[in-house]
Amino acid sequence: MFPDGTAEVMATSAALRKAQEMGLDLVLVSPTAVPPVAKAIDYGQFQYEQKKKQHDAKKKQHVVQVKELKFRPNTDDHDYDFKKNHAIRFLQEGNRVKAVVQFRGREIAHTDLGRKLLTRFAEDLAGYGAIDGSVRLEGRNAHVLISPVKGVKPAVAKPAAPQSQEPPPQAPPPSSPPAAQQS
């Protein structure tokens, strides 16, 4: 294909000669096609456009991260709710959440408390994410991994409605009571 929009089937040597006459390069676009497809274009411009396409594609993609939330077996309800809200936000952003319960000292004797906490956490997040596997106990930690559900869209804050510069309508001033008619 040539810059003027014409496309021809010709021998490679003839196409190369024609591209050189125009001051352009012959770039192989689709080598597997029959016959192979080549374009007469400026190779530097072609490379620049390819890099720009790759950069734009990389900018638009979302890298899934694993966000970790740490608990203790006796975590208070307020702290639990606070971390649950963080997990909901992480899942809505498309990231995975790893909830970990750390056992210290004699707490390891009560792994059932950690298991209950993680099971409750996973159930509370059921609308936002799906559990990968089950609650696992490894060493002094119990953990569960939760992946975001595809159907849930992130909650985006809507911009406030523009305020008009006009003052609010005023109520008419109170009128004085009608004078008593004399008869």
Self-check item: Separation of alpha-carbon centers, segment 1-50 and segment 94-155, rounded to whole Å
Solution: 57 Å
Quiz prompt | Eligible lysines near residue 18 by straight Cα distance, threshold 26 Å, same-chain separation 8 or greater | solution = 39
Quiz item: Taking the highest mean first, how do the peptides 59-67, 87-95 order by number of other beta carbon atoms within 10 angstrom per residue?
Solution: 87-95, 59-67
Quiz item: How would you order 76-84, 6-14, 108-116 from highest to lowest mean count of nearby Cβ atoms within 10 Å?
Solution: 108-116, 76-84, 6-14
Practice problem: Starting from the Cα of residue 58, draw a straight line to each of the aspartates and glutamates and keep only those under 19 Å, dropping any in the same chain fewer than 8 residues away. | Solution: 49, 93
Quiz item: In straight Cα distance, which lysines are under 22 Å from residue 84, not counting same-chain residues fewer than 8 positions off?
Solution: 67, 70, 98, 116, 150, 153
Practice problem: Work out from phi, with θ = phi - 60° and the Karplus expression 6.51 cos²θ - 1.76 cosθ + 1.60, the ³J(HN,Hα) of each residue of segment 59-75, listed in order in whole Hz, and give x for Gly and Pro. | Solution: 5, 7, 7, 10, 8, 7, 10, 9, 9, 10, 10, 9, 10, 10, x, 10, 5
Quiz item: To two decimal places, what compactness ratio does segment 12-57 give when its Cα radius of gyration is scaled by 2.2 N^0.38 Å?
Solution: 1.29
Quiz prompt | Cut-off under 5 Å, modelled amide H: who pairs with residue 93 long-range | solution = none
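Values quoted throughout were computed directly from the atomic coordinates according to the rules given, and no laboratory measurement underlies them. In this text, all values refer to a predicted model and were calculated from it rather than measured experimentally. Heads up, the Cβs are rebuilt from the backbone with ideal geometry, glycines too, and the neighbour counts pull from every protein chain shown.
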